[in-house]
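Below is one structure, written out as structure tokens; the observations come after it.
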Amino acid sequence: MSVIFDYNQCNSCRGKDEPFCVKYCPGDLLSVDSETGRPYIRNEADCWDCMVCVKSCPFGAIETRLPYPLASYEASLKPRVLADRIIWHLKDASGREEVFEIKNLE
Amino acid sequence: MKVGRYKVEHLQTDLLIIGGGTAGCFAAVKAKEAAPELDVLILEKAHIERSGCLAAGMNAINAYINPGETPESFVRYVRADSMGLIREDLVLSIARRLNEVVREVEGWGLPIMKDKEGNYLARGRWNIKINGERLKPIIANKALEAGARVLNRAVVTDLLVEENQVKGAVAFSVRKQVFYVVQARAVIVATGGAAGIYRPNNQGSAHHKMWYPPFNTGAGYAMGIRAGAEMTSFEMRFIALRTKDVIAPTGTLALGFGAKQVNSRGERFMAERYAHLGAEGAPTPWRVYGPTQEIKEGRGPVFLDTTHLSEEEVRELKKSYLNMYPELVLAWAANDFNPAEEPIEIQGTEPYIVGGHTQSGYWIDVNRQTTIDGLFAAGDVAGGAPYKFVSGCWAEGAIAAESAAEYIRKKRGKEEFQEIDSRQIEVKAEEVFAPLNRSDGVRPHEMEESLQKIMDEYAGGISRYYEMNERELSIAQRKLEKLKNQVKYLTAGDLHELMNCHEVIDRIDVARVLVKHLQYRKETRWPAYQSNLDYPALNDREWLKFVNSRYENGEIKIYERPYEQLIPGDRYLP
């Protein structure tokens with residue numbers, strides 16, 4: 001696993017040259033499906049889990065899923081990017097939630 | 001996809017920067033500052049907003065002259081950490097600018113943590129804490145603001161060099177079938193180092209779960225090697241001590257949270273077995289060698305003991321990782337792992353070639369000019385100066401940019417760009433796009449696996465506890481020559497895979513030089529980084545010198561270069 005798309009949230013960044021996730025992926029791993037017009041990951045095994053696409057998505061439509069050999073299925077980590085800070089929502093496998101707010105621009 | 005209707009685009013610039021990462025973006029800002037009239041063009045394989053080592057962020061600056069230290073004391077420390085052999089001129093020139101570049105980036109918006117008096121919060125002798133999640137966008141935007149032009153998704157394959165003077169570079173786009181021919185008066189190569197030469201820690205669906213960016217594939221080294229630039233110290237591989245599985249940095253744990261290394265029996269083995277070298281403060285290669293030997297001798301797993309941490313400290317620890325390796329926090333959550341209850345398992349990574357941590361790379365003068373006239377190098381791709389990390393890459397980017405601007409002013413400012421032989425360009429473009437035309441052949445990932453198998457098994461990979469001997473290296477060399485002859489069978493289905501083809505071509509060229517260097521140094525200077533079981537001792541009498549190489553008429557020739565001590569004192573004392 002690498003990243004999963006919630007296509008109910010994603011609108012393929014309509015009006016842009018290409019979706020932000022496709023534009024910024026440091027591995028050029030995201031592409032737009034020529035039939036559906038939606039972004040997808042062309043090679044899950046090549047993902048570095050850097051979360052650049054997750055952070056770049058204006059709709060919160062992308063989620064990181066770590067490779068299964070390294071991490072069980074449950075748990076999620078979702079960043080919300082604001083003007084001068086990032087807010088991380090973490091949910092562990094037992095359902096416990098933690099929120100971290102970090103200022104990342106002075 | 002078929003090649004055939006590719007378009008050739010010609011570009012001209014004063015200063016071409018290859019690679020828009022940590023060093024490249026900073027160099028662009030400094031070049032525009034030094035000479036605002038210069039046109040500066042960055043060619044970037046991904047997108048500068050989030051490319052290179054800083055993609056996910058950074059939680060510390062690890063090369064900073066804290067109060068009480070000096071540039072000279074920094075050189076002494078780096079020299080001892082590198083087992084008494086570094087280019088002191090290069091390290092000193094970086095050290096003198098570390099604090100200036102850090103303050104500058106702080107001014108651009110990087111949050112640096114401070115104590116109540118407003119001093120930077122130290123995290124060790126040379127380290128300060130930052131909230132650097134957005135560090136890359138900050139420097140990328142500054143490069144744009146400074147007026148640099150950027151061409152994203154452009155993969156440089158080769159330098160253009162005539163009579164040992166750089167003339168530019170060629171590249172292809174991964175978005176459209178375009179072949180770029182870029183003419184320049186000077187070039188700074190700042191592409192980063194190389195991962196994926198060796199079989200990595202994880203396999204299959206997790207094979208890119210590595211510490212160094214898997215997209216840093218040694219392109220900068222490879223284009224220099226092919227152009228006949230002199231390279232140094234490839235044999236000083238970098239092997240990082242990282243958290244097992246999710247290969248995240250451990251400095252955060254050891255320096256930031258006081259975690260100590262323990263083996264399966266709970267022994268503080270660094271203190272017990274390596275006290276004479278400084279125990280947990282031993283030179284970096286020994287801090288990888290130590291735990292690796294514990295595992296080899298049956299006393300693994302090895303841990304960083306975090307069980308002393310309070311819940312509040314664990315929360316701070318998670319914040320620290322969210323700034324840099326958020327996926328570690330996710331993995332802990334998924335596996336119900338609490339570092340306050342259990343120690344964190346650690347291990348060595350695959351061997352990387354990374355001039356920002358060790359010193360493999362271009363042989364440069366103090367102005368950062370390589371042995372090719374007009375070609376400068378900065379960051380992980382530049383050799384001779386270990387312990388650069390992020391801030392050292394900025395300092396080196398600044399030096400390279402200022403030198404390149406001066407070089408253009410003095411030597412090539414009025415130069416007319418010559419017309420490039422179109423036949424020569426056509427031949428090169430056909431060669432670059434050739435994998436698109438082959439319907440049958442070897443896929444890039446297959447060749448990558450083949451390379452990684454050779455290197456792991458015969459050139460001291462993870463499965464060999466990083467150790468090697470002469471016989472193994474000669475087998476590696478033979479197999480690599482065979483592999484090199486197979487690149488003509490590489491096949492690609494699209495432009496992304498074409499990029500993957502060139503990545504493996506570059507990795508093979510780097511691996512061939514690496515093995516030559518490993519064969520030549522007949523001692524063991526940096527255990528684990530370079531453990532030769534046929535010559536297990538450090539031998540200053542014969543090997544206190546640099547092993548360099550240069551590609552000449554299709555062969556890798558080795559040269560020895562002398563070591564010069566500038567800063568007095570015992571070379572093995574930090």
| message | If you restrict to DSSP beta bridges whose two residues both lie in the range B:46-201, what percentage is antiparallel, to the nearest 5? | response | 100 percent
| For the protein assembly as shown, what does -39500 (n - 2.57) per DSSP helix run (n ≥ 4), summed and divided by total residues, give at 222 nm, in deg cm²/dmol to the nearest 500? | -9000 deg cm²/dmol
| Exactly which trypsin sites (Lys or Arg not before Pro) in the range B:344-420 are in a DSSP loop and have at most 13 other Cβ atoms within 10 Å? | B:LYS414
| said: Which one, A:CYS47, A:CYS13, A:THR64, is farthest towards the positive end of the dipole of the range A:1-69 when Lys and Arg carry +1 and Asp and Glu -1 on their Cβ? | reply: A:CYS13
| field | Loop trypsin sites (Lys or Arg not before Pro), the range B:76-130, which have at most 11 other Cβ atoms in a 10 Å radius of their Cβ (DSSP) | value | B:LYS116
| Could you give me the ³J(HN,Hα) list for the range A:84-93, computed from phi with Karplus coefficients 6.51, -1.76, 1.60 and θ = phi - 60°, whole Hz, x at Gly and Pro? | 10, 7, 10, 10, 9, 9, 10, 10, 8, 5
| note | For chain B, the dipole about the Cα centre with charges only on Cβ (Lys and Arg +1, Asp and Glu -1), to the nearest 20 debye, works out at 380 debye
| query | With θ set to phi - 60° and the Karplus curve 6.51 cos²θ - 1.76 cosθ + 1.60, what are the ³J(HN,Hα) couplings of the range B:247-264 in order, to the nearest whole Hz, using x for Gly and Pro? | reply | 7, 9, x, 10, x, 4, 7, 6, 7, x, 10, x, 7, 10, 6, 10, 9, 4
| request: Evaluate the charge dipole of the protein assembly as shown about its Cα centre and quote only its size in Debye, nearest 20, assuming +1 on the Cβ of each Lys and Arg and -1 on the Cβ of each Asp and Glu. | output: 460 debye
| remark: Taking a straight Cα-to-Cα line shorter than 17 Å from B:LYS522, and setting aside same-chain lysines fewer than 8 residues away, one finds B:LYS545, B:LYS557
| Helix B:135-145 versus the longest principal axis of chain B: what angle, 0 to 90°, nearest 10, using Cα atoms? | 30 degrees
| note | For chain B, percent of DSSP beta bridges that are antiparallel (nearest 5) comes out at 65 percent
| task | Sort chain A into rounded, prolate or oblate with this rule: let a ≥ b ≥ c be the square roots of the eigenvalues of the Cα gyration tensor; rounded if a/c is under 1.5, and if a/c is not under 1.5, prolate when a/b is larger than b/c, oblate otherwise. | result | oblate
| remark: the protein assembly as shown: antiparallel bridges as % of DSSP beta bridges, rounded to 5, reads 70 percent
| query | Nearest 0.05, what FRET efficiency do A:ASP84 and B:LYS7 give at R0 = 51 Å with Cβ-Cβ as r? | reply | 0.75
| request: Would you work out the relative contact order for chain B, in percent, from Cα pairs under 8 angstrom that are 6 or more residues apart? | output: 21 percent
| query | Could you name the lysines in cross-link range of B:LYS176, using Cα to Cα under 25 Å and dropping any fewer than eight places away on the same chain? | reply | A:LYS16, A:LYS23, B:LYS2, B:LYS7, B:LYS45, B:LYS167, B:LYS428, B:LYS488
| Residues of the range B:505-538 with amide N under 17 Å of the 7 Å Cα→Cβ point at B:ILE475 | B:515-516, B:519, B:532-534
| Between B:GLU542 and A:ASP6, what is the label-to-label distance in nm when each label sits 7 Å out along the Cα-to-Cβ direction? | 6.5 nm
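Output the relative contact order of chain A, whole-number percent, from Cα pairs under 8 angstrom with separation of 6+ residues.
Computed over chain A, the figure is 23 percent.
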| task | Mind checking which of B:GLN12, B:MET468, B:PRO200 is farthest towards the positive end of chain B's charge dipole, using Cβ charges of +1 (Lys, Arg) and -1 (Asp, Glu) about the Cα centre? | result | B:GLN12
| query | With axes computed from alpha carbons, what is the tilt in degrees of helix B:71-81 against the longest principal axis of chain B, rounded to the nearest 10 within 0 to 90? | reply | 80 degrees
| field | Top positive-direction residue, dipole computed over the range B:241-348 with Cβ charges, set B:LEU330, B:TYR289, B:ILE247 | value | B:TYR289
| query | Hey, got the dipole for chain A? About the Cα centre, +1 on K and R Cβ, -1 on D and E Cβ, debye to the nearest 20? | reply | 240 debye
| For the range B:394-411, what does the Karplus curve 6.51 cos²θ - 1.76 cosθ + 1.60, with θ = phi - 60°, yield as ³J(HN,Hα) per residue in whole Hz, taken in order and with x for Gly and Pro? | 5, 4, 5, x, 5, 4, 4, 5, 5, 5, 5, 5, 5, 4, 5, 4, 7, 10
| note | Quick note, the range B:70-148: a/c under 1.5 would make it rounded; otherwise a/b > b/c is prolate and the rest oblate (a ≥ b ≥ c, C-alpha gyration tensor); here it is oblate
| task | Note down the nm distance, to one decimal, between modelled labels 7 Å out along Cα→Cβ at B:ARG299 and at B:TYR489. | result | 4.7 nm
| task | Quick one: grab the alpha carbon gyration tensor of the protein assembly as shown, order the square roots of its eigenvalues as a ≥ b ≥ c, and give me rounded if a/c is under 1.5, else prolate or oblate depending on whether a/b is larger than b/c. | result | rounded
| Which entries in A:LYS91/B:LYS388; B:LYS129/B:LYS209; A:LYS55/B:LYS116 show an alpha-carbon gap greater than 28 Å? | A:LYS91/B:LYS388; A:LYS55/B:LYS116
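Where a number appears in this text, it was derived from the coordinates with a stated rule and is not lab data. Note that this is a predicted model, so its numbers are computed, not measured. Heads up, the Cβs are rebuilt from the backbone with ideal geometry, glycines too, and the neighbour counts pull from every protein chain shown.
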